[in-house]
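Scroll down for the structure; my scribbles are underneath it.
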Amino acid sequence: MSAMGMRRVLAALVVLGLLAIIAAEIALRVIWGLGDPPLARPAAQVEYELVPAAEHRRFGNLIAINNRGMRTGEFADLPAVGERRILLIGDSVVYGTHRLDQSETIAARLEARLAPTGEGCSLRVLPLAVSSWGPVNQAAALRGSGLFGAGEVVIVVSAHDIGDLPSWQIGDIPYAIATPGLAIIDAAAVLARRRFGFRLLPWAPGPVAPPAPGVLPADSIAALGEMVSTARAAGARAILAYHGTLGEAGADAPPGRVAFERFAAEEGVPFLVLGERGLGPWAYADMIHPSAAGANAIAGILAAFLGGVEDRACDGGPARR
């Protein structure tokens, strides 16, 4: 082949390569919603928080973060007359991960199940939850935000939460902290995180608090106690709800929940097991996170325990104790 022919072949390969990259970029954005991931940022008190007032499409799912950094719609500081509020505290189980649409999260399903029909009645389920927030993070978030007038505070925990403590390392934040610019880079970052456990996207500048000295699993129990005390001080009912991992399914009393059950007994708070012998494999997207069907099942268990509008007058008063 002549030099001219070789140059033409190389030019054609370059063009085809560019066209393939452009096609991949378009497909990743249009079909999978990559390129604009939900962002988190370092925060002095809670280690990290979601960047507020943002809406994303991720893997075909709506991820809408309100101006308080919560995955729900906007709401007033305090409930209106006749409005019942339930505060749902947790980690990625409550947040829903990006495999669930906004309408498929536990909070959204619970709100739909308990929606009152009486005139002048309304209900809001507020998810104070960010992926990989353990009890220490959650207590700090509740300390900063308050209950928003909720009459019930449901704290959702799992076996790993006892040891889920703040590391204060920016690389441990389970979200992108800078927009990748290209969907191809975003896809590579997702694969790197899932398969190899490291971050690929560039880091965004921001303050990072120093490591908390002496942080032990006992601090997780203390943080749970703080959240219960905060709820009681505000006149709300605190409930501890345990979500077992897929590996615990079929066990009568998985060892992972013993510490939480003991804590609930000592504190005198209701302890609700979200599936006495665990939920079936259909309820999980992986070993811990609920699928859409699992989130709906969990919402059903919570709804049965919390009761509907018939349990209270629509006068804005406190929930039934």
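Here is how the numbers come out for the structure above:
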quantity	calculated
Cβ-derived FRET efficiency at R0 51 Å, Ala44 paired with Ala304, nearest 0.05	0.85
Mean separation of Cα contacts under 8 Å, 6 or more apart, over the residue count of the stretch 2-116: relative contact order %	15
Distance (nanometres) between label positions extended 7 Å along Cα→Cβ at Ala265 and Ser145	3.2
Global size of the stretch 24-130 as Cα Rg and Dmax, reported in angstrom	15.4, 52
Computed lengthening from Arg7 to His56, 0.36 nm per intervening residue step minus Cα-Cα distance	13.3 nm
Gain on full stretching of the segment that runs from Leu16 to Ser229 - 0.36 nm per residue minus C-alpha separation	70.3 nm
Protein accessible area in the stretch 106-168, 1.4 Å probe - carbon and sulfur %	49
In nm, spacing of pseudo-spin labels at Ala112 and Gln169 (7 Å Cα→C-beta vector)	3.9
Whole-number Å³ per residue for the convex hull built on Cα positions in the stretch 224-302	93
Label-zone membership for the stretch 8-29, site Ala188, 7 angstrom Cα→C-beta point, backbone N under 17 Å	17-29
Segment Asn67-Glu119, length gained on full extension (0.36 nm per residue, minus Cα span)	15.8 nm
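The values are calculated or read from the model by the stated rules, or taken from the named source; none is laboratory data. Nothing here was measured: the structure is a model prediction, and the numbers come from that model. FYI the Cβ positions are ideal-geometry reconstructions off the backbone, even for glycines, and counts take in every protein chain you see. Each accessible area value is taken on the protein alone, full model and side chains, heavy atoms only, with ligands, DNA and RNA left out. Shrake-Rupley method; radii C 1.70, N 1.55, O 1.52, S 1.80 Å.
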